[in-house]
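Okay, so here's the structure we're looking at.
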Amino acid sequence: EAAVTQSPRNKVAVTGGKVTLSCNQTNNHNNMYWYRQDTGHGLRLIHYSYGAGSTEKGDIPDGYKASRPSQENFSLILELATPSQTSVYFCASGGDGERLFFGHGTKLSVL
Amino acid sequence: AQSVTQPDARVTVSEGASLQLRCKYSYSATPYLFWYVQYPRQGLQLLLKYYSGDPVVQGVNSFEAEFSKSNSSFHLQKASVHWSDSAVYFCALNNNAGAKLTFGGGTRLTVRP
């Protein structure tokens, strides 16, 4: 079974601070994703990547950056965190058109 | 543009009853379609997927879904639900040309014992 590991599991940040969420996958998948999950909105795609060195904007990229330094790692960066970014963030990996494997999520609270 | 709509945010059924969770999609061609389930405090897990061919696909735990191109739908069904099926269910679409996967808003299923 593919493994996707997110860190941290929980994070409390202050408004205006920088937050980095990390994701690691061990199954050599080309594609990696960052979603946020909010009540009433389901999962919304923030950024995704086709491979090392690539990042693509998803449906709600504003206020977020992404970094894919290697096949295994994909980070989500909030340069200036705001309370509206309080959410649960999920990382996932997979191939084109294939099922995704999800991490357990990161609960972020921005105060 | 691609989109997925799950018109029912919450569904409650009694244990042993049949179930249908609705999913409608918008896409110009035939997409790849998925149903995922999310149990409390966990990530999403794949239930089943449709790529082509037989419009009725079987998944894990006796779930099945039927693809309808004419109705742009991919409804999830189960003949007899168990209390352990209580979870949030997501329908998702991939445009089969690349990596982007779009999810619906989810349906929270509650099964009464």
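Within the straight-line cut-off of under 29 Å between alpha carbons, the lysines reachable from A:LYS11 are A:LYS57, A:LYS65, A:LYS107, B:LYS100, sequence neighbours fewer than 8 places apart in one chain being disregarded. Measuring nothing but how far apart in sequence close Cα pairs (under 8 Å, 6+ apart) lie, relative to its length, chain B scores a relative contact order of 38 percent.
Excluding ligands, DNA and RNA, what is the accessible area buried between chains A and B, summed over both sides, using a 1.4 Å probe, to the nearest 100 Å²? Don't jump to the answer; show the numbers that get you there.
Numbers: alone 5860 and 6100 Å², together 10340 Å².
Counting protein atoms only, the buried area is about 1600 Å².
Here the Gaussian network model covers chain B, with springs between Cα atoms less than 10 Å apart; of B:LEU19, B:LEU46, B:LEU33, B:LEU46 fluctuates the most. The Cα trace of the range B:3-112 gives Rg and Dmax of 13.2, 41 Å, the first to one decimal, the second as a whole number. Normalising the average separation of contacting C-alpha pairs (under 8 angstrom, six or more residues apart) by the number of residues puts the relative contact order of the range A:4-110 at 36 percent.
Leaving out ligands, DNA and RNA but keeping every protein chain, what accessible area does A:THR55 have, in Å² rounded to the nearest 10, with a 1.4 Å probe? Near enough 60 Å² of accessible area.
On the basis of the beta-carbon distance and an R0 of 22 Å, B:HIS82 and A:ARG9 show a calculated FRET efficiency of 0.15. Computed extension gain for A:SER54 through A:ASP96, at 0.36 nm per residue and net of the alpha carbon distance, reaches 13.6 nm.
Overall shape: prolate for the protein assembly as shown, with the ratio a/c of the largest to smallest alpha carbon gyration tensor axis at 1.5 or above and a/b above b/c. Under conditions of 10 °C and 1.306 mPa s, chain A yields 116 µm² s⁻¹ as its translational diffusion coefficient, taking Rh as the Kirkwood radius over Cα pairs in the Stokes-Einstein equation.
So, with a 1.4 angstrom probe, what is the percent of accessible area on the range A:4-110 that is carbon and sulfur? Could you put the intermediate results ahead of the total?
Values: 2230 of 4690 Å².
Of all accessible area on the range A:4-110, carbon and sulfur atoms account for 48 percent.
Heavy-atom accessible surface of B:LYS100, to the nearest 10 Å², is about 50 Å², with a 1.4 Å probe and all protein chains retained. Springs between Cα atoms under 10 Å define the GNM used for chain A, and in it the highest mean-square fluctuation of A:GLU72, A:GLU98, A:GLU56 occurs at A:GLU98. Remark: mean inter-chain Cβ contacts per residue of A:97-110 equal 5, using a 10 Å Cβ-Cβ cutoff to other protein chain atoms.
Buried on complex formation within the range A:39-77 (loss of at least 50 square angstrom of accessible surface versus the isolated chain, 1.4 Å probe, ligands and nucleic acids ignored): A:LEU43.
Were the residues from A:ASN30 through A:HIS104 laid out at 0.36 nm apart, the gain over their Cα-Cα distance would be 24.7 nm. What the range B:3-112 shows is 45 Å² of accessible area per residue, with the surface traced by a 1.4 Å probe over protein heavy atoms.
Largest GNM mean-square fluctuation across A:GLY95, A:GLY16, A:GLY40, computed for chain A with C-alpha springs under 10 Å, falls on A:GLY40.
Rounded to the nearest 20, the size of the Cβ-charge dipole of chain B about its Cα centre is 300 debye, with Lys and Arg at +1 and Asp and Glu at -1. Taking a cut-off of 17 Å between Cα atoms, list the aspartates and glutamates near B:LYS24, but don't count ones fewer than 8 places away on the same chain. Cross-link targets: B:ASP8, B:GLU64, B:GLU66.
The values are calculated or read from the model by the stated rules, or taken from the named source; none is laboratory data. This structure is a prediction, so every number in the text was calculated from the model and none was measured. Note: ideal-geometry Cβ built from the backbone for every residue, glycine included; neighbour counts use all protein chains shown. Side chains included, ligands, DNA and RNA excluded: accessible areas come from the protein's heavy atoms. Shrake-Rupley method; radii C 1.70, N 1.55, O 1.52, S 1.80 Å.
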